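Read the structure below first, then the notes.
The values are calculated or read from the model by the stated rules, or taken from the named source; none is laboratory data. Remember, it's a predicted structure, so these values are computed and weren't measured experimentally. FYI the Cβ positions are ideal-geometry reconstructions off the backbone, even for glycines, and counts take in every protein chain you see. SASA here: full protein model, heavy atoms, side chains in, ligands and nucleic acids out. Shrake-Rupley method; radii C 1.70, N 1.55, O 1.52, S 1.80 Å.
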Amino acid sequence: MDIKYKNLLRKVEKPARYIGGEYNTPDMRKKHSVDYCLCFLDVYEVAMSNLGIRILYNLVNDTDFAVCERCFAPWPDYFDALKKANMTLRSLETQKELKDFDLLGFSVQYELSYTTLLYMLDLAGIPFRSKDRNEDFPIIVAGGPCGVNPEPYADFFDLILLGDGEENTLQMLKIYDKCKKNGFNKREFLEKCSEIDTIYVPSMYNIEYDYNGVKVKGKKVKRAIVTDLENAYYPTKVQVPNIEIVHDRAALEIFRGCSNGCRFCCAGFIYRPVRERSSALCSKFAEDLVCNNGFDELSLTSLSSGDYSKLPELIKTANYLRERYNVNTALPSLRMDSFTSDFTINNRLSSLTFAPEAGTQRLRDVINKNISEDDIYNTLENAFKRGYTNIKLYFMIGLPTETEEDIKGIATIAKKAKELFYKYGNRKKELKITVSTSVFIPKPCTPFQWEAQISREKMLEIQKLLQQLLKIKNVKYNWHDATTSVVEAVMSRGDRRLSYAIETAYKKGCRLEGWSEMFDYDKWMEAFDENSINISDYLGKYNDDYNFPYEYIDMGISKKYLLEEKYKAYKAITTKDCRKGCNNCGLIDVCKNLKE
């Protein structure tokens, strides 16, 4: 490391965020022709917890022609120190300046990270907009779940990879390698990438705005889907972080996708269909992850881990790992109807997290949660009988058709949970129930994408009511900031005009806004006003024929199906789990290929 950077690190909090050299880091000295840097729009502790980063980083480094390094967003103290010293952002592995890479790939995980993209580009000395970057600068690439609607940030990127990244990342890098060897031409490279149906090149599309929405004119782009997860690349030798991270454990992805069809959930639709790894392969991966990396905890990861069809078999592996290696196993993302005594792991008892989402059965049917009152209370009874004393319950407020009765139902569930503990639980230990609420945000590619978000005033009113209702001994109430929910909703269904507000907000100081102390609602409102953006245009209810700015993207789910689900919601009619029978969402051909 350059002595100038070493000296700066003496002045900042957690310098280990910026030094690299983690255990299990690949050898960057191998002969290669393409330099790729994988970037994450948050700090080290969050980035190193991300499974997608782990997969793609090791995937590229296992090729014979490319090297992948990493760069994560610096905390403001390091940013300010670099700026003051007139120094630029560098990679972790070799301390190479970002502007000297062939390509930079940014994982875009959530709407409030958009200003952090500009934060990192600024510190790297790279122009924000694709049109302002010539061939002296790296190709800037986006991937991640926000690709379901990339339009608010599309002008900042040269390429956007849609869907599962394992295949199209390598396709892109191979095209770059070939173009580089033949005398690199940026336009030619982008044109060749545009021929891949899962890669979006924003500069090659025309935008039209009218009274009924936005038309992005160009060929359809499809979501990449890894259909054979059993044989897909998965690293079991990963970097061990220098410092404690948010999820400081080994992560085993047991399956991808979700079949439950919750109508508010973007991930449940854009990661369809369900693709499982066999229990034998998962068991092998689990032991390899423990032996290769030294973690003392293993997480069985998916959108809804309790729905894994061979989970009892995998629990046996978890108990074996506990006995042989003293490794605990975490089973996150449990549905309340999937938690049974068959899933007993011989761990230290900690907390259990469940998401009823709504306070009444009617509203749970509206959102297609497909759990009953009996499921909720039987699950809690079972947990308390087994000795759990710390229960976390997640709900949403502002859901379509919500009434005050639905809000009061949240408190009813908390009170009933407390009663069940004193009836079935271990009274020698103290009960702790945490109720958390987030605000409904209408998301792309869901049946509720046409719905309005409730006003900020209404959010605050509901939160205040719940604060009163949940003044119950042993019950704690947490709530998501109403102001961040407004900005998230604007970006969620937004178009390219928002890029100017993002740029203005960054120049006003907005960055790293996944951290509550960094978010500034007033600066965002100023940024919208200064760019003549009326946020109510993005927060209201839309007609069925409205042209969303992301309709050129084929996520595989038909618009007809989403509309059918929307109207079933109004009647509180549920739709079955699609693994219990096809619901004709539009992915039938993909599902047939999976069965074959």
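Could you tell me which residue of the range 170-202 is most open to solvent (accessible area, probe 1.4 Å), considering only residues that are of a type in the set (A, V, I, L, M, F, W, C) and outside any helix (DSSP H, G or I)? Write out each step before concluding.
Step one: filter the range 170-202 for residues of a type in the set (A, V, I, L, M, F, W, C), giving 170, 172-173, 175, 179, 184, 189-190, 193, 196, 199, 201.
Next cut, outside any helix (DSSP H, G or I) only: 184, 196, 199, 201.
Values: F184: 54, I196: 29, I199: 1, V201: 1 Å².
Of everything passing the filter in the range 170-202, F184 is most open to solvent (accessible area, probe 1.4 Å).
All of (1) at pLDDT below 95; (2) β-branched (V, I, T); (3) more than 25 Å from G144 (Cβ to Cβ); (4) open to solvent by less than 50 Å² (accessible area, probe 1.4 Å) hold for T344 with one exception: (4). The requirement of being β-branched (V, I, T), open to solvent by less than 60 Å² (accessible area, probe 1.4 Å) and either within 11 Å of F255 (Cβ to Cβ) or not in a helix (DSSP H, G or I) (or both) is fulfilled somewhere in the range 318-327, by at least one residue.
Assess whether V46 counts as being modelled with pLDDT of 95 or more, open to solvent by less than 10 Å² (accessible area, probe 1.4 Å) and not in a loop (DSSP other than H, G, I, E, B). Here the answer is no, as V46 does not meet what is asked. If you go through the range 551-596 and keep only what is open to solvent by less than 20 Å² (accessible area, probe 1.4 Å) and touching an Asp or Glu at 6+ places or on another chain (Cβ under 7 Å), you end up with just T575.
Pairing each residue of the range 103-119 that is modelled with pLDDT of 95 or more with any residue that is basic (K, R), provided the two are 6+ apart or on different chains, yields C-beta distances under 8 Å for T115/R511; T116/R511; L118/R511; Y119/R511. Do you know which of the residues in the range 247-290 that are touching a strand residue (DSSP E or B) at 6+ places or on another chain (Cβ under 7 Å) and in a helix (DSSP H, G or I) is surrounded by the fewest Cβ atoms within 10 Å (Cβ to Cβ)? Within the range 247-290, the match that is surrounded by the fewest Cβ atoms within 10 Å (Cβ to Cβ) is F285.
For the condition without any contact (Cβ under 8 Å) to a residue 40 or more places away in the chain, out of contact with any Leu (no Cβ under 9 Å at 6 or more places or on another chain), under 30 Å from D544 (Cα atoms) and surrounded by fewer than 22 Cβ atoms within 10 Å (Cβ to Cβ), what is the one hit in Y211, Y205?
After ruling out the rest, the residue left standing is Y211.
Just the residues that are under 17 Å from F40 (Cα atoms) and either part of a loop (DSSP other than H, G, I, E, B) or hydroxyl-bearing (S, T, Y) (or both), please, taken from the range 79-90. Lay out the reasoning, then the answer.
First, the residues of the range 79-90 that are under 17 Å from F40 (Cα atoms): 79, 88-90.
Result: T88, L89.
Summed over the range 465-507, the residues that are surrounded by 16 or more Cβ atoms within 10 Å (Cβ to Cβ), out of contact with any Ser or Thr (no Cβ under 7 Å at 6 or more places or on another chain) and assigned to a helix (DSSP H, G or I) give a count of 19.
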